[in-house]
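K.L.:
Could you have a look at this structure, given as structure tokens, before my questions?
What follows draws every value from the coordinates through simple rules; no lab data is involved. Predicted model, so just to flag it, every value in this text is computed and none were measured. Note: ideal-geometry Cβ built from the backbone for every residue, glycine included; neighbour counts use all protein chains shown.
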Amino acid sequence: MKRQQIDKGVQSGFLLVALFSITALSLIIIFLFMEGLPILEHISIKEFILGKYWYPTDDPADFGILALIAGSVCVTLLSGLMSIPLGVMTAVYLAEIASPRVAEIVKPIVELMASMPSVVIGFFGMVVVAPFIQKLFDIPVGLNMFNASLMLAFMSIPTICSLSEDAIFSVPRALKEASFALGATHFETILKVIIPASLSGICTAVILGLSRALGETMVVLMAAGGAAMIPTSIFDPVRPLPASIAAEMGEAPFRSEHYHALFAIGIVLFVFTFIFNLIADYISYKFRQAGEASL
Amino acid sequence: MNKYTTIFISIIFLLTASSTVFAGELVIKGSTTVLPIAQKAAEAYMAEHPDVKISLSGGGSGNGIKAIIDGTASIGNASRFIKQKEVNLANTKGVYPVPFRVALDAIVPVVNKGNAVTDLTLMQLKDIYLGKIKDWKDVGGTPGKIVVISRDSSSGTFGVWKDLVMKKERVIPGALTVPSNGGIVQAVANTPGAIGYVGLGYLSDGIKAVKVGGIAGSEENTLNGSFPIARGLFMFTKGWPKGDTMGFLSFILSKKGQNLVKKAGSIPLF
């Protein structure tokens, strides 16, 4: 066989592998829409998205998911408030300040957090954290938005941290040296040179971390309390979108309105994460740090 | 006969075998509340009759009855009686569903161990779950916010609670929902102001059962009919059962079968 032919063969082999995952993904999306869209025969999009009541098994049933969307958004934002500063600052510390020996120990530990199974974190939230914060803040119930956000923050910190760290680490050395040469202190250099230069990477990291929190199921199913109401305080129980799907899909009769409504929730969730990914892609493309001259 | 014909015939045989329910194979579908009973009974029955193959699946009471009417299952499990709508549907298809009550189930309201309340009326329970009663002091307990804990709306336990306690009215949206009986036990044990409800089999040390209108939820009170939040668990067949279907049902209704019902956490009929 000629060498060119082998090359061709390898090429088409890899093409096939790439196509396989793309096909699988598109089939999932097609299936999601095929099973979710029939709910629109029963209610309008407006009633579905803006309806306040989720009573899927009543007769007549209500399929309003506004409270579920509110739950998801609130939990994600609150967890972001905790995970973004912690994640980014840890990344700065690891990439810039920590001595190589400390970084060598801390970094694998942070990455180990990422490999913690979500059901373990959820269980921890339910059994350990819930009674603790209930006593600490003297609130009626520990399974609430705050608990779930805390657990989600715990899960998204590793993502945010390791991606940000890569971004910070790849800032050209010359930029830093130039800053020092101008008489800037280390702190000024980090704040005014290194962070701006790696901002696109940090933003991507943050968005990917948040989208992980948004799609996470087990933790919110176990620790968020599961009340389908629009929260008025951070200590209210909430029921994010993935928790509803996970809790109800097993019992929803095949191809019933309830079943279609749950798939429609899946579509909403898909749209959310898709938008998140688009934003991440846009930012990393638009604010890309090309060379050393563009700061 | 040559080799290919044999293979061909065996393939045809396999295809027909897998697409029809024939003697020696039982398909059971329906309520997840009845599922543990069906599972225990099926294991024991198959051990006694190795030639019978039983396949089990959940899907909810409505699905179980639908499967009987469509003929996709030999037995349909339901944690409630058949609805008039379903009877009408069966009649139009020329099917006569036959109910068998195989077990009883009681649902007991539970509170945290530290709670002073020991007795609530059905009316008080309903008002608590409607959000009308918000504080324990209104039902004779120590002042504190009531944390209402309920089950997911698809659960059979929730269905019975809704029928017998809520009388079809809606549980407040602010109620915490937990995906399992075990989850309720966990949440109530950890939350001083909580109230929840579980199947009789799930009562445990960390939580306190509340009497309903002065009557404790127990096997005895369920059997004599005085405990109000109880229900029968049913198996439905399409027409009068024959062959293995009959054999399986008689097994469940026997002393041996009823012992298995008890093991599965429900209340035996006798």
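K.L.:
Order of A:17-28, B:25-36 by packing, highest average Cβ count within 10 Å first?
P.N.:
Values: A:17-28: 10.0, B:25-36: 23.2.
So the peptides A:17-28, B:25-36, ranked by packing, come out B:25-36, A:17-28.
K.L.:
Between the range B:98-122 and the range B:167-222, what is the C-alpha centre distance in whole Å?
P.N.:
7 Å
K.L.:
Report the FRET efficiency, 1/(1 + (r/R0)^6), for B:Ser55 and B:Ser204, where r is their Cβ-Cβ distance and R0 is 35 Å, rounded to 0.05. Intermediate results must be reported in sequence, preceding the final value.
P.N.:
On the way: r = 33 Å, r/R0 = 0.93.
The value I calculate is 0.60.
K.L.:
How fast does chain A diffuse by Stokes-Einstein, in µm²/s, taking the Kirkwood radius from C-alpha pairs at 25 °C and 0.890 mPa s?
P.N.:
Taking Rh from Cα pairs, D becomes 113 µm²/s.
K.L.:
Two-decimal Rg/Rh of chain B from alpha-carbon positions, Kirkwood Rh?
P.N.:
Numbers: Rg = 22.0 Å, Rh = 20.3 Å.
In chain B, Rg relative to Rh is 1.08.
K.L.:
Same structure, new question: Jot down the per residue volume, in cubic angstrom and as a whole number, of the convex hull over the alpha-carbon atoms of the range A:17-117. Numbers along the way, then the final one.
P.N.:
Working: hull volume 18.7 nm³, N = 101.
Hull volume over Cα atoms, normalised by residue count, gives 185 Å³.
K.L.:
Consider a paramagnetic label point 7 Å from the Cα of B:Lys83 along Cα→Cβ; state which residues of the range B:149-178 have an amide N under 16 Å from it.
P.N.:
B:153-164, B:167-170
K.L.:
Can you give the relative contact order of chain A as a percent, counting alpha carbon pairs under 8 Å and 6+ residues apart? Working shown, then result.
P.N.:
On the way: 395 pairs, mean separation 75.1, N = 295.
Relative contact order here is 25 percent.
K.L.:
Still on this structure: Once the Cα gyration tensor of the range B:29-131 is found, what semi-axes does its equivalent ellipsoid get, as square roots of 5 times the eigenvalues, in whole Å, sorted largest first? Let's see the in-between values first.
P.N.:
Working: eigenvalues 234, 93, 19 Å².
Three semi-axes, in Å: 34, 22, 10.
K.L.:
Which distance in nm do the two modelled labels at A:Phe169 and B:Ala47 give, with both placed 7 Å along the Cα-to-Cβ direction?
P.N.:
Reported label-point gap for A:Phe169 and B:Ala47 is 5.7 nm.
K.L.:
Picking from A:Ser118, A:Ser170, A:Ser233, which is most flexible by a Gaussian network model of chain A using Cα springs under 10 Å?
P.N.:
A:Ser233
K.L.:
Something else now. If I model a spin label at B:Arg170 and A:Tyr285 as a point 7 Å from the Cα along the Cα→Cβ vector, what separation in nanometres do I get?
P.N.:
Here the modelled spin labels are 4.3 nm apart.
K.L.:
Suppose we keep just the alpha-carbon trace of the range A:135-292; what are its Rg and Dmax in angstrom?
P.N.:
Radius of gyration, then largest Cα-Cα span, for the range A:135-292: 20.9, 70 Å.
K.L.:
Here is a follow-up. Where does the Debye-calculated log10 I(q)/I(0) of the range B:103-223 sit at q = 0.11, 0.20 Å⁻¹, using only Cα point scatterers of equal weight, no solvent?
P.N.:
Normalising to I(0) and taking log10 leaves -0.30, -1.14.
K.L.:
If packing is taken as the average count of other Cβ atoms within 10 Å, what order do B:119-130, A:86-97, B:44-55, B:64-75 fall into, highest mean first? Spell out each step's value before the answer.
P.N.:
Values: B:119-130: 18.3, A:86-97: 20.0, B:44-55: 13.8, B:64-75: 22.5.
Result, highest mean first: B:64-75, A:86-97, B:119-130, B:44-55.
K.L.:
Based on alpha-carbon atoms only, what is the radius of gyration of the range A:214-289 relative to the globular estimate 2.2 N^0.38 Å?
P.N.:
Numbers: Rg = 15.8 Å, N = 76, 2.2 N^0.38 = 11.4 Å.
So the range A:214-289 has a normalised radius of gyration of 1.38.
K.L.:
Right, something else. Identify the trypsin sites (Lys or Arg not before Pro) of the range B:214-270 meeting these criteria: DSSP loop state and at most 16 other C-beta atoms within 10 Å of the C-beta. Intermediate values should be presented prior to the final figure.
P.N.:
Numbers: sites: B:Arg231, B:Lys238, B:Lys242, B:Lys255, B:Lys256, B:Lys262, B:Lys263; in loops: B:Lys242.
For trypsin sites (Lys or Arg not before Pro) across the range B:214-270 that sit outside H, G, I, E and B with at most 16 neighbouring Cβ atoms in 10 Å, the list reads B:Lys242.
K.L.:
Further question on the same structure: With labels modelled as points extended 7 Å from the Cα through the Cβ direction, what inter-label distance (nm, one decimal) is found for A:Thr273 paired with A:Ala103?
P.N.:
3.2 nm
K.L.:
Based on DSSP H runs of at least 4 residues, each adding -39500 (n - 2.57), what is the mean residue ellipticity at 222 nm of the protein assembly as shown after dividing by all its residues, to the nearest 500 deg cm²/dmol?
P.N.:
Working: 23 runs with 299 residues, N = 565.
It comes out at -17000 deg cm²/dmol, rounded to the nearest 500.
K.L.:
Moving on. Report, as an integer, the average count of C-beta atoms from other chains found within 10 Å of each Cβ along B:172-183.
P.N.:
Working: counts 3, 10, 10, 6, 10, 12, 7, 9, 1, 0, 0, 6.
Per residue, the number of nearby Cβ atoms from other chains is 6 on average.
K.L.:
Over 19 Å between Cα atoms, which of B:Lys83/B:Lys162; B:Lys29/B:Lys168; A:Lys46/B:Lys162; A:Lys52/B:Lys126; B:Lys40/B:Lys263; A:Lys52/B:Lys137 qualify?
P.N.:
B:Lys29/B:Lys168; A:Lys46/B:Lys162; A:Lys52/B:Lys126; A:Lys52/B:Lys137
K.L.:
Next question. Using only Cα positions of the protein assembly as shown, each an equal point scatterer, no hydration layer, compute I(q)/I(0) via Debye at q = 0.10 Å⁻¹ and quote the log10 values to two decimals.
P.N.:
-0.97
K.L.:
Turning to a different aspect of this structure: Count, for each residue of A:220-230, the Cβ atoms from other chains sitting within 10 Å of its Cβ, then give me the mean as a whole number. Kindly include the intermediate steps, with their values, before the conclusion.
P.N.:
Working: counts 0, 4, 4, 0, 2, 8, 11, 10, 6, 4, 2.
Neighbouring Cβ atoms belonging to other protein chains average 5 per residue here.
K.L.:
List the pair-distance distribution P(r) of the range B:149-215, using every Cα-Cα distance, as the percent of pairs falling in each 10 Å bin from 0 up to the bin containing the longest distance, rounded to whole percents.
P.N.:
With 10 Å bins starting at 0, P(r) equals 20, 55, 25, 0.
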